[in-house]
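In what follows, a single structure is set out as structure tokens and then discussed.
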Amino acid sequence: KLLTLLISYRNELKAKNVQKTIGESNVSLLVSTFTLLRFYRDEIDCLNSKTIMLRYVDKLTSLQVALGNFNEAAFTLMLHAEQLSWSNVNEAHRKEIICETIINYFDRGQCWEEGVKICAQLQKIYQQNFKYSKLSQILKRNAELLDKIISQHRPESEYFRVSFYGQRFPSFLRNSTF
């Protein structure tokens, strides 16, 4: 199955390089990358799978941003942040930067409630580590997000469940539901 997913991913990369436009090719590449990422996350159990998975998390995030899907990019980056620990100094610094990026993406995607949740996580860490200047900054950012929740009008979100059944779909999409 891994080989099939990798071949599908390679074919989508080739198709994207030929077309050089944002459109159907990028959506196919996005789905192929997501399927590969999910496979590495759920079905491969080894030390290298974490490194490989994080590489595809970064690629998927870049694709989401290029398509203007900022909320999806933020949720994808959360997969990266979950792999990092607050106890390791290097990882904590990377996780902090990733969390700030996630908040920015949620802000751009108008998913402010999720941004408030990430702010709460950072507040807790900053309080525990006595980083009061950063705590002040994150509290201000939290207040900005809360003000946007209260004051700005957003259209109701619609969600659809899409399933791909049958031989007509590429192998990385077959029998999948999103």
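Assess whether Leu146 counts as being open to solvent by less than 100 Å² (accessible area, probe 1.4 Å), modelled with pLDDT of 95 or more and within 23 Å of Gln110 (Cβ to Cβ). Yes; evaluated as a whole, the condition is true for this residue.
When Gln19, Gln64, Gln83 are screened for being open to solvent by less than 40 Å² (accessible area, probe 1.4 Å), modelled with pLDDT under 90 and over 20 Å from Asn175 (Cα atoms), only Gln64 passes.
Could you please find all residues in segment 56-107 being among the aromatic types (Phe, Trp, Tyr) and under 17 Å from Ser28 (Cβ atoms)?
Going through segment 56-107, the residues among the aromatic types (Phe, Trp, Tyr) turn out to be 56, 70, 75, 86, 105-106.
Within segment 56-107, Tyr56 is the sole residue that qualifies.
Scanning segment 89-105 for residues that are touching a Lys or Arg at 6+ places or on another chain (Cβ under 9 Å) and open to solvent by 40 Å² or more (accessible area, probe 1.4 Å) yields a single hit, Glu100. Candidates in segment 120-178 are the residues that are assigned to a helix (DSSP H, G or I) and among the aromatic types (Phe, Trp, Tyr); of these, the one that is nearest to Leu5 (Cα to Cα) is Tyr126. Filtering segment 155-173 to residues that are touching a Phe, Trp or Tyr at 6+ places or on another chain (Cβ under 6 Å) and surrounded by 13 or more Cβ atoms within 10 Å (Cβ to Cβ) leaves only Leu173. Pairs needed: first member in segment 50-65, closer than 13 Å to Phe34 by Cβ; second member anywhere, among the acidic types (Asp, Glu) and assigned to a helix (DSSP H, G or I); C-beta distance under 7 Å; at least 6 residues apart or different chains. Pairs that qualify, where the first residue is closer than 13 Å to Phe34 by Cβ and the partner is among the acidic types (Asp, Glu) and assigned to a helix (DSSP H, G or I), are Gln64/Glu72.
Pairs linking a residue in segment 95-118 that is in contact (Cβ under 8 Å) with a residue 40 or more places away in the chain and assigned to a helix (DSSP H, G or I) to a residue that is surrounded by fewer than 17 Cβ atoms within 10 Å (Cβ to Cβ) and of a type in the set (Lys, Arg), with Cβ atoms under 8 Å and 6 or more positions apart or on different chains, are Asp107/Lys148.
Condition (residue is under 30 Å from Thr33 (Cα atoms), under 22 Å from the mean Cα position of the chain (by Cα) and surrounded by 11 or more Cβ atoms within 10 Å (Cβ to Cβ)) applied to segment 120-140: is it met by at least one residue? Even if it seems obvious, please write down each step before you answer.
Our first condition is that a residue be under 30 Å from Thr33 (Cα atoms); within segment 120-140, this holds for 121-122.
Subset that is under 22 Å from the mean Cα position of the chain (by Cα): 121-122.
So of that shortlist, the ones also surrounded by 11 or more Cβ atoms within 10 Å (Cβ to Cβ) come out as 121-122.
Yes - at least one qualifying residue is present in segment 120-140.
The values are calculated or read from the model by the stated rules, or taken from the named source; none is laboratory data. What you see is a predicted model; the values in this text were computed from it and never measured. As a convention, Cβ positions derive from the backbone with ideal geometry for all residues, glycine included, and neighbour counts pool all protein chains shown. Areas reflect the complete protein model, heavy atoms only, side chains present, ligands, DNA and RNA absent. Shrake-Rupley method; radii C 1.70, N 1.55, O 1.52, S 1.80 Å.
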